[in-house]
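S.K.: Pasting in a structure now, in structure tokens, and then I'll have a few things to ask.
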Amino acid sequence: MENNPASREIAAARQEADAEAAFRKAARIRPDNMARQAQTTYVSPAGIAAAYARAREPALALDWLEKAYDEHEPIVTALKGRTFDAVRGEPRYEAILRRVKLSNER
């Protein structure tokens, strides 16, 4: 590799992208296992939603959060916490807040 600033920047960017990809892959292990387990036994949809939110997977977090709402899980207390910061501001999240009569203010 050349020893110039542009080459070093590219190498650093690649390294950062690789680290982010490794994090995302590792972060998905727990929620994916929970979702798989939910196919054969009861696993709290709100718990799965929280795990996906922590893994920065907003679409999957919202899918499970909607399922939790549909199943009348007591999710209201969790909605206002930091757990769902990854989906805060998403239209589907806002819709869930409206359904449980909460605002998006902390």
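S.K.: Which order do the peptides 82-93, 31-42, 11-22 come out in when sorted by mean C-beta neighbours inside 10 angstrom, highest first?
M.R.: Answer by packing, highest mean first, reads 82-93, 31-42, 11-22.
S.K.: Counting other beta carbons within 10 Å of each Cβ, put Lys101, Lys67 in order, fewest first.
M.R.: Values: Lys101 7, Lys67 16.
Lowest count first: Lys101, Lys67.
S.K.: Additional query: Would you kindly derive the ³J(HN,Hα) couplings of segment 53-60 from the backbone phi angles with the Karplus curve 6.51 cos²θ - 1.76 cosθ + 1.60 (θ = phi - 60°), listing them in order in whole Hz, with x for Gly and Pro?
M.R.: Taking θ as phi minus 60°, the curve returns 5, 5, 7, 6, 10, x, 5, 5 Hz for segment 53-60.
S.K.: Then there is this: Rg to Rh ratio, segment 1-75, alpha-carbon atoms and Kirkwood radius?
M.R.: A ratio of 1.28.
S.K.: Which whole-Hz couplings ³J(HN,Hα) result when phi for each residue of segment 6-20 is put into the Karplus expression 6.51 cos²θ - 1.76 cosθ + 1.60, θ = phi - 60°, listed in order with x for Gly and Pro?
M.R.: Per residue, the Karplus-derived 3J(HN,Hα) values read 5, 5, 5, 4, 5, 4, 5, 5, 5, 5, 5, 5, 5, 5, 5 Hz.
Rule-based calculations on the coordinates, nothing more; no lab input. Fair warning: this is a prediction, and the values are worked out from it, not measured in the lab. Quick reminder, even Gly has a Cβ in these numbers, built from the backbone with ideal geometry, and neighbours come from all protein chains shown.
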